[in-house]
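Since the structure comes first, as structure tokens, the remarks are kept for the end.
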Amino acid sequence: MGVGQGEASGLVSAPDCDLLGEAIDLRPDFFVADEFEGHLEIRMQRGGDYEYLSDGISIFVADVAQEHERLGTPVPLSAEAGAPVRMNLYLNERCPPDRHRPPVNYVAVSGNIVFTAIYAPEVDDNLLIAASFDSVRFVDPSRPAERFAIVSGALSFLYNRGRPAQRFP
């Protein structure tokens, strides 16, 4: 679990972390997807640690059967609650939040993602999840002009059902 290929790089502005239009390269090496009742949550990040300790991108697909039907078609990204696909960028390793520094957890407000394969168990037995995104704009909704990122990337990995996570012995 967690093995795949991907890339994500661009520019980030997070003044609280002294990142002002800085180039970033997430170098993701951990890929995971959780499917539940037709929804799919995908994460690509550096390292297999918890999200609150890592840098990465999460992608929420509201209806995998719908996205399976439109493979290869650009899907517009939005922060709206009814959006078919939503994305978040988090930089909790590079810029850990503390009492005086808000977390870098930005939401995608524009750009597109194109799925070329998606795990949709109701309609297909394909286990491959593959997508690319270009010039996705992420913002902190409370300060979008100051706290933002523009990121492009891609991911490709096989969905693998594993043992349920056990956080405590």
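The values are calculated or read from the model by the stated rules, or taken from the named source; none is laboratory data. Predicted model, so just to flag it, every value in this text is computed and none were measured. Positions of Cβ are generated from backbone atoms using ideal geometry, with glycine treated the same way; all protein chains shown enter the neighbour counts.
Looking at this structure, is G72 farther than 21 Å from R43 by Cβ, at pLDDT 95 or above, of a type in the set (G, A, S) and over 13 Å from the mean Cα position of the chain (by Cα)?
When the stated conditions are applied, G72 passes them.
Answer yes if at least one residue in region 65-75 is part of a strand (DSSP E or B) and either under 18 Å from A154 (Cα atoms) or of a type in the set (K, R) (or both), and no otherwise.
Checked region 65-75: at least one residue is part of a strand (DSSP E or B) and either under 18 Å from A154 (Cα atoms) or of a type in the set (K, R) (or both).
Go over the candidates A81, A120 one by one and state the one that is at pLDDT below 95, surrounded by 19 or more Cβ atoms within 10 Å (Cβ to Cβ), in a loop (DSSP other than H, G, I, E, B) and not β-branched (V, I, T).
A120
Taking region 145-155 as the search range and keeping residues that are part of a strand (DSSP E or B) and not aliphatic (A, V, I, L, M), which one is surrounded by the fewest Cβ atoms within 10 Å (Cβ to Cβ)?
So, considering only residues that are part of a strand (DSSP E or B) and not aliphatic (A, V, I, L, M), the one surrounded by the fewest Cβ atoms within 10 Å (Cβ to Cβ) is S152.
Report, ordered by the first and then the second residue, all pairs with beta carbons closer than 8 Å, sequence separation of six or more or different chains, a first member in region 1-26 that is under 14 Å from R137 (Cα atoms), and a second member that is aromatic (F, W, Y) and in a strand (DSSP E or B).
Between residues of region 1-26 that are under 14 Å from R137 (Cα atoms) and residues that are aromatic (F, W, Y) and in a strand (DSSP E or B), the close pairs are V12/F148; S13/F148.
Give S110, S142 a once-over and let me know the one that is assigned to a strand (DSSP E or B) and not β-branched (V, I, T).
S110 is the lone residue from the list that is assigned to a strand (DSSP E or B) and not β-branched (V, I, T).
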